[in-house]
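Colleague: Let me give you the structure first, and then I'll get to my questions.
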Amino acid sequence: MRQEDGTIDAGGHPVVIGAGALGALNKRIGHLDPSACFILGDENTLHHCLPELLAMVPRLRDAETIGVPAGEASKSLPVCSDIWQHLTTRAADRSSMLVCLGGGVVTDLGGFIAATYKRGIRCIHVPTTVMGMVDAAIGGKTGIDVGGVKNMVGVFHDPVSVHVHVPFLRSLGKRELLNGVAEMIKHGLVRDADHYHALREAPLHDLDALIPLVERSAALKADVVREDPREAGPRKQLNFGHTIGHGIEAYSWEGGRSALLHGEAVAVGMICEAWLSWRKDLLDRESNDLIAQHLLSMFKPFRIQGGEDHRIIELMRNDKKNNAGQFRFALLTGIGSVKVDVPITAAQVQEALEHYRLLVREP
């Protein structure tokens, strides 16, 4: 539900989106009056986005910046330890505030830091990527990776607020832009068929065309979070594409392979899981084929050798959605609708991976 001032209610926190998002951030910081502010960003966001943030949010001009390397590797315990130590050295107290300026890695990491430092300090998310704006920054999920398993350790910790300044997207390249669009496609597939079809037809290189779609996806994510803040029911819908996708993402990090971005892995996962939806007689064949053709037209194929299926399945066994050792999937019942907690066997996962291999095999 979006209010006239551009604010979306995500239950535990507001999401402010639109031309006034950073002005609202300046007012919010003034109202909260933290004892100190720290800005967490990666090397890209501190270079490309921090100057605009400071120009539009005067109350952050005295904040100290904390930088981490760009990329998933920063979601680690050693990086957390360094930041905790840095905050301790600077005598940050429980009235301090952490402003997380970045994409999903920065908001996942920063949210976790804020949740755990001195048993919890306040944080505000200022996402700078499509992935952050429509998904990662909304909903209070935090997490770091352990042992090659994505988001293995984390807690729910709602930010005070999320401020979406869409012009930050100008700093993104095509690959990073499409990385977040994958999550927008997922939102349409599980919640809003019209949104999905609008994404299929939109000129995604045109920021003006993308803005209303980003706003719609952020609203869809906020709606789900408001209904189910702690993923006890409806929020599981958002796991479509992620059970296999997380396994493939972790697999791509191993053995000197070309690592996939999160959205790229989820795109593979959505192709596989749409096919599983059809195989389970939940989804019609025409919709399955449409989804596969659309995603294959947007994302480069990822080569998976048949002998490696077992490794992907092994990585999937650490998935948080599993129950009693059994895979639990969110599968489509149509474009715009989904069924959660569908049991799937390892053999069926292998069949889905083989299906993907056949789709992307070289002639």
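Colleague: Of the listed values (i) 1.08; (ii) 1.01; (iii) 0.96, identify the label whose number matches Cα Rg over 2.2 N^0.38 Å calculated from this model.
Modeller: Calculated Cα Rg over 2.2 N^0.38 Å: the matching label is (iii).
Colleague: If amide hydrogens are placed 1.01 Å from N in the peptide plane, which non-local residues have theirs closer than 5 Å to the one on Gly6?
Modeller: Answer set, sorted by chain and number: none.
Colleague: Follow-up. Net charge around Glu183, counting only other residues with Cβ within less than 9 Å of its Cβ (Lys, Arg = +1; Asp, Glu = -1)?
Modeller: Cβ neighbours under 9 Å give a net charge of +1.
Colleague: Roughly what angle does helix 285-298 make with the longest principal axis of the chain, taking Cα atoms, 0 to 90 degrees, to the nearest 10?
Modeller: 50
Colleague: How much accessible area per residue does the range 186-297 have, counting only protein heavy atoms and a probe of 1.4 Å, in square angstrom?
Modeller: The answer is 37 Å² per residue.
Colleague: In whole Hz and in residue order, list the ³J(HN,Hα) couplings for the range 258-273 that follow from phi through the Karplus curve 6.51 cos²θ - 1.76 cosθ + 1.60, θ = phi - 60°; x for Gly and Pro.
Modeller: Along the range 258-273, the couplings run 7, 5, 8, 6, 4, x, 5, 5, 5, 4, 4, x, 5, 4, 5, 7 Hz.
Colleague: Scan around Val68 for amide H atoms under 5 Å from its own, H built in the peptide plane at 1.01 Å from N, and keep only partners 5 or more places away or cross-chain.
Modeller: The answer is Gly41, Asp42, Glu43.
Colleague: Can you compute the modelled spin-label distance between Asn322 and Glu201, with each label point 7 Å from Cα toward Cβ, in nm?
Modeller: 4.3
Colleague: In terms of Cα to Cα distance under 17 Å, which aspartates and glutamates are near enough to Lys236, apart from those fewer than 8 places away along the same chain?
Modeller: List returned: Asp135, Glu183, Asp192, Asp223, Glu227, Asp228, Glu273, Asp319, Asp341.
Colleague: Can I ask one more? Among Leu101, Ile17, His48, whose Cα sits farthest toward the positive end of the charge dipole of the chain (+1 at Cβ of Lys/Arg, -1 at Cβ of Asp/Glu, about the Cα centre)?
Modeller: Highest projection toward the positive end goes to Leu101.
Colleague: Per 10 Å bin, what is the whole-percent P(r) computed from every C-alpha pair distance within the range 221-363?
Modeller: 12, 44, 36, 8, 0
Colleague: Which value, in debye to the nearest 20, gives the size of the charge dipole of the range 170-320 about its Cα centre, when Lys and Arg are +1 and Asp and Glu are -1 at the Cβ?
Modeller: 300
Colleague: Now for a separate question. Assign unit charges at the C-beta atoms only (+1 for Lys and Arg, -1 for Asp and Glu), then state the dipole size of the range 240-301 relative to its Cα centre in Debye, rounded to the nearest 20.
Modeller: Using only the charged Cβ atoms, the result is roughly 120 debye.
Colleague: For the chain, what does the helix formula give at 222 nm: sum of -39500 (n - 2.57) over DSSP H segments with n ≥ 4, over the residue count, nearest 500 deg cm²/dmol?
Modeller: -14500 deg cm²/dmol
Colleague: Can you list the HN-Hα couplings for the range 36-44, worked out from phi with the Karplus curve (6.51, -1.76, 1.60; θ = phi - 60°), rounded to whole Hz and with x for Gly and Pro?
Modeller: For the range 36-44, the Karplus-derived couplings read 7, 10, 10, 10, 9, x, 9, 4, 7 Hz, x marking Gly and Pro.
Colleague: Can I ask one more? Note down the magnitude of the dipole of the range 77-151 about its Cα centre, charges +1 on Lys and Arg C-beta and -1 on Asp and Glu C-beta and zero elsewhere, to the nearest 20 debye.
Modeller: Dipole about the Cα centre, nearest 20: 260 debye.
Colleague: Further question on the same structure: Which angle between 0 and 90 degrees, to the nearest 10, do you get for helix 174-191 versus the longest principal axis of the chain when only C-alpha atoms count?
Modeller: The two axes meet at around 70 degrees.
Colleague: So, one more: Once you have a ≥ b ≥ c as the square roots of the Cα gyration tensor eigenvalues for the range 169-281, tell me rounded if a/c is under 1.5, and otherwise prolate or oblate according to whether a/b is larger than b/c.
Modeller: oblate
Colleague: In terms of modelled amide H atoms, which long-range or inter-chain residues lie less than 5 Å from the amide H of Phe329?
Modeller: Close amide H contacts, sequence-distant or interchain: Asp341, Val342, Ile344.
Colleague: So how far, in whole Å, is the C-alpha centre of the range 34-92 from the one of the range 277-303?
Modeller: Cα centres, the range 34-92 to the range 277-303: 40 Å.
Colleague: Let me ask another. Using only Cα atoms and rounding to the nearest 10 degrees, what angle (0 to 90) does helix 346-360 make with the longest principal axis of the chain?
Modeller: The answer is roughly 90 degrees.
Colleague: What are the ³J(HN,Hα) couplings of the range 15-20, residue after residue, when phi is run through the Karplus curve with 6.51, -1.76, 1.60 and θ = phi - 60°? Round to Hz, x for glycine and proline.
Modeller: So the Karplus estimates, Gly and Pro as x, are 10, 9, 10, x, 4, x Hz.
The values are calculated or read from the model by the stated rules, or taken from the named source; none is laboratory data. Here the structure is a predicted model, which means the values were calculated and not measured. Note that each Cβ is placed from the backbone with ideal geometry, even for glycine, and that neighbours are counted across all protein chains shown. Side chains are part of the model used for accessible areas, which takes the heavy atoms of the whole protein and leaves out ligands, DNA and RNA. Shrake-Rupley method; radii C 1.70, N 1.55, O 1.52, S 1.80 Å.
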